[in-house]
Structures are given as structure tokens and as C-alpha cells.
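The values are calculated or read from the model by the stated rules, or taken from the named source; none is laboratory data. Just so it is clear, the model here is predicted, and its values are computed rather than measured. We place every Cβ from the backbone using ideal geometry, glycine too, and count neighbours over all the protein chains shown. Quick note on the areas: whole protein, heavy atoms, side chains included, nothing else; ligands and nucleic acids left out. Shrake-Rupley method; radii C 1.70, N 1.55, O 1.52, S 1.80 Å.
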Amino acid sequence: MTRNLSEQDRATLNAFVDGELDAREAMAFASRIATDPVLAAAREEIEATRDAVRALDRPAVSPEFLAQIDALAATAPTVVMPAASHWAEGWQKIAAAVVITALVASSATSYLVSPRGASFESLVADAHRRSLLATSPVDVLSSDRHTVKPWLDARLGISPAAPDLAGLGFSLLGGRVEVLNQETFPTLVYRHNEHTISVFARPRTAATVAPAPLASSGYNMVEWSGGGFAFTAVSDLEMDELVTFVAEYQSASTIK
């Protein structure tokens, strides 16, 4: 099927499958796929190939090998990748370097974005800002709560209500997993006109708390709790619009 695709469509399709398009581009291309059987078939081919690769048996890695990688990642301030002339020494060394790079990068990122003493609100503001700078503010792109909630459940074991409020001017874009101070949080993402809203949900058993407006790092926020979560909605929306969104979210979330 891919033989009938233009070079531009083929490149865009690969970027779409890889999650490299921004939210607006991805939504527009998804609409094309839904009405174009050639694009739909090509997407299925790409995803089937990736599924087949993931299903291949992977070589066993000994606990000793993993322990050595952990030790290197914990002590090495920088990572030097193997030179091309040494690649012939085996995929094991290349794989080790990749794992070490990932571990060190993850540790460094956690340190940089979660400075000691930073308030939760400032961490939320920073996470929201990073999402706006990323290729896409979501990990799973969908306006269907039956897609977003299971996706979050599968990764975190928890997920808040994810109503689509498009009819009220607040469209559900999807969801993502955030890591703040080494804790993971399910996060919903909405769009209102040109503004993005991130809704961070922290599992809590506390009683319901009414919405409270605040601001941090140049962003407006509203915090509230209910339904087993403590929520923080953050955006560059005007405060009255953000308060309206929270009220609509709360109302829709109580509908069974």
C-alpha cells in the first residue's frame, strides 16, 4: 500500500506513528487516515511491523550485568559512546552504552527539573511549560475517555475521570504520565482555543476540597480535591476561564 504514498505523506505518516507531530497536526492527519484507505493500510503495516519486532525474543541479561550498569550510571558524570571503529566488538557493549546513557540522562533530568525545596506548584508549572515545548503535550492522543483512561490505568494503575468537554469549549486532547520529585502522576490535557490546560491528579483519600485559585511561575492554577484525587489545573488561560473549566470538569466527572 505504501507504494501509492507521496514522499511527504510517507514522512508525515512515520512522524505520526512515532508521535513526533504536534497535537494539531496529529489530529488533522488522524482525520485524513480515517478517510483514506491507503493511509490507513500503510499505518497498519507500520504498526504490525513494530509489533512483530517487539514480539521477538530478547537475549537474557544477567543480574551481574545489570548491577554493573547501575554502578556505572550512579557514578559517571558523563557518558562516552563507543567509537564507530569499536562497534564490531558486539551489540552487547552498544546496548550497555545506550542503557547507561538513558539511566544517567534520567537521573540528571530528575535533578534539574525537581530541585530540592521547590514547591509542588512550581514543579507543576515547570512540567506544564516543558509539555508546551515538547513535540506533543500528550503521550496518548485521543478525545475518547475510553482510550485515555485505560492507557493511564495500564501504566500507573490509576486514572482520573477524563470527560471530553468539547461541547463546552474545552476539548480533551489526551493524557500523559508526569514524573515530579520521583513520583508519577496521571495528567490530562485539554485545549481551549489556543490555550493548553494540564490537569495533574495526585491520588488522595482526603475529603472533597473546593477549588482554590493560585498562580506560580507565570501560570494560573486551580487546586481542588475529590473522587480520590487532589487536582491541579494549570494554564496560561485567564483565571476566570480556568475556574470555568474546573467547574465544568467537576460537573462532568460526577456524571455516571
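I'm trying to understand the selection: among the residues of the stretch 31-44, which are open to solvent by 70 Å² or more (accessible area, probe 1.4 Å) and closer than 11 Å to VAL17 by Cα?
Across the stretch 31-44, the qualifying residues are ARG43, GLU44.
From the residues in the stretch 230-256 that are modelled with pLDDT of 95 or more, hydroxyl-bearing (Ser, Thr, Tyr) and over 17 Å from SER159 (Cβ atoms), which one is least open to solvent (accessible area, probe 1.4 Å)?
SER235
Identify all residues within the stretch 140-181 that are farther than 21 Å from GLU223 by Cα and surrounded by fewer than 17 Cβ atoms within 10 Å (Cβ to Cβ); write none if there are none.
ASP144, HIS146, THR147, PRO150, ASP153, ALA154, ARG155, LEU156, GLY157, ALA166, GLY167
Taking only pairs six or more apart or across chains, which ones have beta-carbon atoms under 9 Å, a first residue in the stretch 143-160 that is closer than 12 Å to LEU172 by Cα, and a second residue that is assigned to a helix (DSSP H, G or I) and open to solvent by less than 60 Å² (accessible area, probe 1.4 Å)?
Final answer for the pair search is SER143/ALA166.
Could you grab me the full set of residues in the stretch 8-30 that are among the hydrophobic types (A, V, I, L, M, F, W, C) and under 16 Å from SER143 (Cα atoms)?
ALA23, ALA26, MET27, ALA28, PHE29, ALA30
Among the numbered criteria (1) open to solvent by 50 Å² or more (accessible area, probe 1.4 Å); (2) polar (S, T, N, Q); (3) more than 14 Å from the chain's Cα centre (by Cα), which single criterion is violated by THR184?
THR184 satisfies every listed condition except (3).
Which residues, taken from the stretch 1-32, are part of a helix (DSSP H, G or I), without any contact (Cβ under 8 Å) to a residue 12 or more places away in the chain and more than 19 Å from ARG191 (Cβ to Cβ)?
The answer is ARG3, GLU7, GLN8, ALA11, ALA15, ARG32.
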